1. At a 10 angstrom cut-off on C-beta neighbours, averaged per residue, how do the peptides 243-249, 186-192 rank from highest to lowest?
2. Between Thr249 and Glu285, what FRET efficiency follows from the Cβ-Cβ distance if R0 is 41 Å, with the result rounded to 0.05?
3. Subtracting the Cα-Cα distance from 0.36 nm times the residue separation, let me have the gained length for Ser67 to Ala187 in nm, one decimal.
4. Compute the separation of the alpha-carbon centres of segment 262-279 and segment 222-260 and state it in Å as a whole number.
5. Under 19 Å from a label point 7 Å along Cα→Cβ of Asn229: give me every residue in segment 262-288 with its amide N that close.
Amino acid sequence: MSETGASAPTNVLIVGVGGQGVIMVSKVLARVLQIEGHQVKQSEVHGMAKRGGAVFSHIRYGPEVWSPTIPAGQADILVALEWSEGLRWLDYLRPDGGTFISDTRAIVPPFACRDRTPGASSAYRVTDVARVAELVPHAVALDASSLARSLGNERVANTILLGALAAVLDVPMETWRSVVAESVPPATVETNLEGLDAGRNWQPDDQPGAVTSPITTPPVEVTVELEINPAWCKSCDICVQFCPERCLTLDAERIVELTDPAACTGCRICEWLCPDFAINVHLSETAVTA
Ligand code: SF4
Ligand code: SF4
């Protein structure tokens, strides 16, 4: 029952926060590997009571896999959908040859923000990619969220990260493409496949400084738009009670509405906590010229 030597499984750890799609990414990877003939074992922690909590999934594959969990220090690849979660799990990465793939976007818990003004900086995390690149044998740190927005759908960030993963795994792109196409909503297949290719072909030079130096953030103005799907709102009142700015309420029909748009900071807590996915927060950034 040995898991060492040439037949040892390959270990991929996928981490992020609730609502990001860790489980979807994990399922796509597991399916791709199964199609390629590998034995695959998957374990996960999800279903957090509060969306926004830590979520992770272990994937182990190879000719024969016995255990579904990856011991610390033995992940061959760590894929982080959120920067700070990626840093938290670095100890799991194999020190002698592990690959770290991460979106440089950090999701800051609203309660960790002292200044919740749109675009305000936070001391919550340090996005020092150069420091991480020193610590791990192979680091791929890309601004997948911005890349996804440039493709017209910020939710494609996960597929971009899958593309970056495809660049380091020995699996034909056709397999990736077919599994992604069957795993995403039909209306988004084309954009997701674009995202897959964008991640697969991404080079550090595409985003100067992404791997070799710390990311600097130019001053930006952030515009917040709250998209509410009334048909999905089940009147649970969670978002109203947890909105830090008190700018939501339930209307006469007991459907959530934004009553004070100017107060909304775009913190996303309503989006993360809504159990019915009835709220989407859209942030758009405009560079501020001096
Ligand atoms: S409405 Fe949502 S995004 Fe806006 S401040 Fe309240 S919780 Fe945050
Ligand atoms: S959390 Fe979601 S379902 Fe509950 S009131 Fe808010 S929008 Fe409606």
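1. Values: 243-249: 17.1, 186-192: 14.7.
Result, highest mean first: 243-249, 186-192.
2. FRET efficiency, Thr249 to Glu285: 0.90.
3. Full extension from Ser67 to Ala187 adds 39.5 nm.
4. 8
5. Under 19 Å, as judged by backbone N against the label point of Asn229, lie 268-283 of segment 262-288.
Each reported figure results from applying straightforward, stated rules to the coordinates on display, with no laboratory input. Quick caveat: nothing in here was measured; it's all calculated off a predicted structure. Please note: Cβ atoms are built from the backbone with ideal geometry, for glycine as well, and neighbour counts cover all protein chains shown.
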